[in-house]
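Visitor: Structure incoming, see below.
Please treat every number below as a calculation from the coordinates, not as lab data. What you are looking at is a predicted structure, and each value in this text was computed from that prediction instead of being measured. Reconstructed Cβ throughout: ideal geometry from the backbone, glycine too, with neighbour counts over all protein chains shown.
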Amino acid sequence: MIYFKTYEQRKVKEFQVDIESVCIILLTKKSDFKNEFLFLKKINMTISRRKFIKTAAISAAGITLIPNMNAQIGIESEKEKLKRQAAKIHNRILTLDSHCDTPLSIMYDKIDMGTRNDVYKTGSKIDFPRMKEGGLDASFFAVFISQGKRDAESNTKAKESAFAIFSAINNQLKKYPKLAEIAIVPDDAYRIQKSGKRAIYIGIENGYAIGSEISNIEEFYTLGARYITLCHSKNNDICDSSTDENGPEHNGLSTFGEKVVIEMNRLGMMVDVSHISDKSFYDVIKLSKFPVIASHSSARAICNHPRNFDDAMLKTIADNGGVIQLCVLNSYIKAQAPNAERDLAQKALREKYNNVDDMSPEQKAQRMKEWRQIKIDYPEEMATVSDAIDHIDHMVKIAGIDHVGIGTDFDGGGGITGFFDISQACNITYELVKRNYSAKDIEKIWSGNFMRVFKQVQGITQ
């Protein structure tokens, strides 16, 4: 901000204006007013004092001051200062989203990753242009497999579906080699960041893709998968889910699930404990030789949902050396009022499309379309960025600053007011700055903590 505080200073014949937003404060001899204000936005010009005053059509007698203008100016300038500080931090550090379901948009909505898509028209929340716009450097694209029947034929179909999603991701990367690049090891993200491109890692959501064959884990690892979320919304052969309507089946991790965790440890593959039941979580913690990740979960104390972690689990993941990544799915951030009509509509949709294994790609696309329509017809009360950071505050308080990160779940349900798609990622950093998180701590939250675990797990094979 530029200030002209005295009449003598005001005598300058011309001045250069070349900043985003300035407030010129003029004091005159002829007026009893102490402050006269003119705001200039986004200008770059040299202007004479005479022309400036003439063009602005101001006079000492003609200006009406806004009450408490000084206070308002102070508030605005502080906000802009924090935004600049947040942008500086955001642009300098490595920013990583540990979980998005964007491959679903690629597969079924035919979203082109090299195009800037309109979230309100397409439903798509991530593409390469918006990653750049939002300053997101790296992302884990999920190979998501919806839970189906657990027999040999269905397991084969699940594996084939996984292969198709791997191919869809790689095809987009081959199509836009100047925009993004596949990432395999932790250091890839930093290297790709320097090139100005986006780093795309791959994770598998739902160990159902493994079927009953342990050897499939190494096959997926060879294709680039660096974590597996052990289950999804229903129990599978590996473990119990936190949200299966039928309750627990294995009382935690199954015998087969134990073999899965051991094999993932051997390969240097991160074990993802999001979605799994509390008992499954403790079984994994007890068995795993290495820290675990929760790629997209939040704090149960702030929003009482079984998908979130209670305080005991937060303390346990800290003791394990792992990390929990904030999920910005609305109903995991903010408790929702009961809505019987929405619940019935969702139940009817699940019953309509109850056989995932036999669905065609067109049917899967239609199911997604109808699911989104239910969200429109029965809208939830939207959480805000501030609500989301309340979760981070709590998780940091309980688990510590070294065990918290961010996993949006975009294109799989994630999205809140102020962080509705990835182009708004800096709003997270801004809120953290507002709450006095240091640049060092913000870097830990955005990538440092996750990368520490990633390196530890990978280190066993190096």
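Visitor: Can you say what percent of the DSSP beta bridges in the range 110-257, counting only those with both residues inside, are antiparallel? Round to 5.
Guide: 5 percent
Visitor: Between the range 132-177 and the range 239-254, what is the C-alpha centre distance in whole Å?
Guide: The range 132-177 and the range 239-254 have Cα centres spaced 25 Å from each other.
Visitor: If packing is taken as the mean number of other Cβ atoms within 10 Å per residue, what is the order of 134-142, 414-422, 315-323, highest first?
Guide: 134-142, 414-422, 315-323
Visitor: Oh, and also: Calculate one ³J(HN,Hα) per residue across the range 101-108 by plugging θ = phi - 60° into the Karplus curve 6.51 cos²θ - 1.76 cosθ + 1.60, and present them in order as whole Hz with x for glycine and proline.
Guide: So the Karplus estimates, Gly and Pro as x, are 9, 4, x, 4, 5, 5, 6, 9 Hz.
Visitor: Roughly speaking, what is the stretch gain from Thr122 to Asp151, that is 0.36 nm per residue apart minus the C-alpha to C-alpha distance, in nm to one decimal?
Guide: 6.9 nm
Visitor: What residues of the range 167-196 lie in the reach of a label at Lys455, counting those whose backbone N is under 17 Å from a point 7 Å from the Cα along Cα→Cβ?
Guide: Once the point is set 7 Å along Cα→Cβ of Lys455, 184-194 turn out to lie under 17 Å by backbone N, inside the range 167-196.
Visitor: Could you run the Karplus curve 6.51 cos²θ - 1.76 cosθ + 1.60 with θ = phi - 60° over the range 330-343 and give me ³J(HN,Hα) per residue in whole Hz, x for Gly and Pro?
Guide: After applying 6.51 cos²θ - 1.76 cosθ + 1.60, I find 3, 6, 8, 9, 10, 4, 9, 5, x, 9, 4, 5, 5, 4 Hz.
Visitor: Quickly rank 266-275, 150-159, 121-130 as a protection proxy: mean count of other C-beta atoms within 10 Å, highest first.
Guide: So the order, starting with the most tightly packed, is 266-275, 121-130, 150-159.
Visitor: Run the Debye formula on the Cα coordinates of the range 188-321, all scatterers equal and no solvent, and tell me log10 I(q)/I(0) at q = 0.10, 0.14, 0.16 1/Å.
Guide: -0.33, -0.62, -0.79
Visitor: What's the whole-number percent of alpha carbon pairs in the range 317-462 lying beyond 28 angstrom?
Guide: So the pairs more than 28 Å apart make up 35 percent of the total in the range 317-462.
Visitor: Multiply the residue separation of Ser233 and Gln373 by 0.36 nm, subtract the distance between their alpha-carbon atoms, and state the gained length in nm to one decimal.
Guide: Length difference between fully extended and current span is 48.3 nm.
Visitor: Let me ask something else. If packing is taken as the average number of other Cβ atoms within 10 Å across a peptide's residues, how do 334-341, 97-104 rank, most packed first?
Guide: Sorting 334-341, 97-104 by mean packing, highest first, produces 97-104, 334-341.
Visitor: So who's got an amide H within less than 5 Å of the one on Arg226, skipping anything under 5 residues away but keeping other chains? H placed 1.01 Å off N, in plane.
Guide: Ile202, Gly203, Ile204
Visitor: Can I ask one more? Would you mind getting me the FRET efficiency between Ser195 and Asp319? Use the beta-carbon distance for r and R0 = 41 Å, nearest 0.05.
Guide: Plugging the Cβ-Cβ distance into 1/(1 + (r/R0)^6) gives 0.65.
Visitor: Could you give the length gained on full extension between Asn171 and Glu219, defined as 0.36 nm per residue of separation minus the Cα-Cα distance, in nm?
Guide: Here the answer is 15.4 nm.
Visitor: With a sphere of radius 11 Å drawn around the Cβ of Leu287, what net charge do the other residues whose Cβ falls strictly inside it have (Lys, Arg +1; Asp, Glu -1)?
Guide: +1
Visitor: Moving on to the next point. Please give the net charge around Asp237, taking every other residue with its beta carbon less than 10 angstrom from that of Asp237, where Lys and Arg add +1 and Asp and Glu add -1.
Guide: Taking every Cβ under 10 Å from that of Asp237, the sum is 0.
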